[in-house]
Amino acid sequence: MSDGSGDESPSSLAVYWRVYGGFPKLVASKYFWGAIVLSLALYPAWWDQQNRAELGGTIVSAIPNLLGFTVGAMAILLAFSTSRFFSVLTERGSPRSAYLNLASMFIHFIIVQTGALIVGVFLKFYSDYRVLGWLAAFMLMYALLCAVATGLSLFGMAEIYNVLADRDPPKTNVPSSGDERRHD
């Protein structure tokens, strides 16, 4: 991406990958390793050719709904951009802010789901390949575990919002002492 000044700024994909934590965070993730274990445990789904084709169909029918929900949730996250809560999350524009961290998790979740969908489509038509079946099972499990990770991050944001709400209680329309009227 270029701003016209000759200086090249990093692509959104590069910024996402940096904020997410890159390859070290990916391979250190308990969700990534959990998906490997679960996909190996699902060997009946990817070992047999007929089951592989069914796995591809399951992925193609399930992931689009999850992907739509995720994109909608990301839109809601972006809607916070006008609130006081948003100003706290952005940490004055910090490149490692809680807001960018959560946004990178959503993008990661979207990329994993899209990858699962692509692999699922291929598996529907190329069910002869066990390795493709295992990859599809892995991507499906990783997408589902990313849903848990993203949900937990959203809960963390809710905790921050809750703390902020406690510090600045909402104003009520309580009359001041001079405005009190006596009702007999």
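Values quoted throughout were computed directly from the atomic coordinates according to the rules given, and no laboratory measurement underlies them. All values reported here derive from a predicted model rather than from experimental measurement. We place every Cβ from the backbone using ideal geometry, glycine too, and count neighbours over all the protein chains shown.
With charges only on Cβ, +1 for K and R and -1 for D and E, what is the dipole size of the stretch 12-165 about its Cα centre, in debye, rounded to 20? The calculated dipole for the stretch 12-165 is roughly 360 debye. A crude spin-label estimate for the pair Ala75 and Val131, with each label 7 Å from Cα along the Cβ direction, gives 4.0 nm. Stretching Val37 away from Val148 to a fully extended chain increases their span by 38.3 nm, per 0.36 nm per residue minus the current alpha-carbon distance. Taking 0.36 nm per residue of sequence separation and removing the Cα-Cα distance, the Thr114/Arg96 pair yields an extension gain of 4.0 nm. Amide H to amide H, with H built 1.01 Å from N, Asp48 comes under 5 Å of no residue 5 or more places away or on another chain.
Each label point was placed 7 Å from the Cα along the Cα-to-Cβ direction; for Phe122 and Glu159 their separation is 3.8 nm. In the stretch 12-165, Cα pairs under 8 Å separated by at least six residues give a relative contact order of 39 percent.
3J(HN,Hα) couplings calculated from phi for the stretch 102-117 with the Karplus curve 6.51 cos²θ - 1.76 cosθ + 1.60 (θ = phi - 60°) are, in sequence order, 5, 4, 5, 5, 5, 5, 4, 4, 5, 5, 5, 5, 5, x, 4, 5 Hz; Gly and Pro show x. For the stretch 49-62, putting each phi into the Karplus relation 6.51 cos²θ - 1.76 cosθ + 1.60 with θ = phi - 60° gives couplings of 4, 5, 5, 4, 4, 5, 4, x, x, 4, 5, 5, 8, 8 Hz, in residue order, rounded to whole numbers and with x for Gly and Pro.
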